[in-house]
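The values are calculated or read from the model by the stated rules, or taken from the named source; none is laboratory data. Keep in mind that what you see is a predicted model, and the values were worked out from it rather than measured. Note: ideal-geometry Cβ built from the backbone for every residue, glycine included; neighbour counts use all protein chains shown.
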Amino acid sequence: MLYAAFIIVFAALWALFAAGMPRILRGLHSVANRFAALSMRYGVVQRVVHHASRFRDYLPVLLIVIAGGLLAAWAGDQFLDLAELVHTKSTNLQEIDVRWHDWAVHERNTGATSFFTIMSIIGGPSGVAAIAVAIVIVLVVKRRYRWAIYAAANIAIGGLLDSELKRYFARARPAVAEMLRHASGYSFPSGHAMGSTVLFATLSYLAIRVLPRWRWKSAALALCTTLIISVALSRVYLGVHWISDVGAGIVAGLLWVTMTTVAYETFRRIRLIRQLRLKSSMRDGARGA
């Protein structure tokens, strides 16, 4: 049943991303075209565009920084809200956590246990490490060294951040008697949720860079999103985390990957712009000679 649900969620997200992502791009192109038309109609805007023409190549970089900043701000705000509730031992949050925990324990069955155990293994330290090592090896073999460093640093440092956050908040896990798998250490945020979010968000970025068509980019993004959700829910089902733990793990992982990806993409684009301008100036100099 849950395997079918996994496929249904993946298919729904695939359709959503495949329909939504091209529309977002068309919207951005439409805004750019309208701005260009406006610049031709109004002299003031035209003069501004003229004086700023040498910075026009950096506009996509600015848009990436703004979009990434907004996403990072949202994720950071969500994490801080949860962290504050955990720190103050909010009774409302505890009630929500206990309600989800009790529901998961009550709904356990053989098929669900099998599915969520597999998801937990995939999103566990060994599973994340195995997938990460395989991806880094492939990237090194393909001589994509910058991508390999980006992926390895993302996942490794993300794991260290989770350990430090756990140590800082020192939140107790649910009762051991109700756990279906052994788990030790502190509970907040969920290492499986944060680790799988960092891993699959990183893979989503690489897939978007590598795959040629939007349908396949959307499929990769949908699969990674479905895996993140499944791994996170598995920790609640297995009784080793509260629902707020996995929520915090997801937003913390998303925050970390957003920051690193925006930084990587910004420096990459600036470097390419400078290289293109250098080549252009060299060609102009050659013609002048």
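Just checking, does the range 140-149 include any residue being under 19 Å from Asp245 (Cα atoms), surrounded by 13 or more Cβ atoms within 10 Å (Cβ to Cβ) and small (Gly, Ala, Ser)?
No, every residue in the range 140-149 fails to be under 19 Å from Asp245 (Cα atoms), surrounded by 13 or more Cβ atoms within 10 Å (Cβ to Cβ) and small (Gly, Ala, Ser).
Any residue at all in the range 226-235 that is under 21 Å from Leu16 (Cα atoms) and either outside any helix (DSSP H, G or I) or not aliphatic (A, V, I, L, M) (or both)?
yes
I'm checking my understanding of the structure. Among residues of the range 113-139 that are of a type in the set (Gly, Ala, Ser) and buried (at least 17 other Cβ atoms within 10 Å of the Cβ), which one is nearest to Leu227 (Cα to Cα)?
Gly123
Mind checking which pairs have a first residue in the range 69-92 that is surrounded by fewer than 17 Cβ atoms within 10 Å (Cβ to Cβ) and a second that is of a type in the set (A, V, I, L, M), Cβ under 6 Å, 6 or more apart or different chains?
Close Cβ pairs (under 6 Å, with a partner that is of a type in the set (A, V, I, L, M)) amount to Gly76/Leu255.
Provide a single number: the residues in the range 162-178 that are surrounded by 15 or more Cβ atoms within 10 Å (Cβ to Cβ), within 25 Å of Ile118 (Cα to Cα) and not acidic (Asp, Glu).
Qualifying residue count for the region: 3.
When you scan the range 83-100, do you find a residue that is within 21 Å of Glu265 (Cα to Cα), at pLDDT 65 or above and not polar (S, T, N, Q), even just one?
No, because not a single residue in the range 83-100 is within 21 Å of Glu265 (Cα to Cα), at pLDDT 65 or above and not polar (S, T, N, Q).
For residues that are farther than 20 Å from Leu165 by Cα and β-branched (Val, Ile, Thr), scanning just the range 186-211, find the one that is surrounded by the most Cβ atoms within 10 Å (Cβ to Cβ).
Thr202
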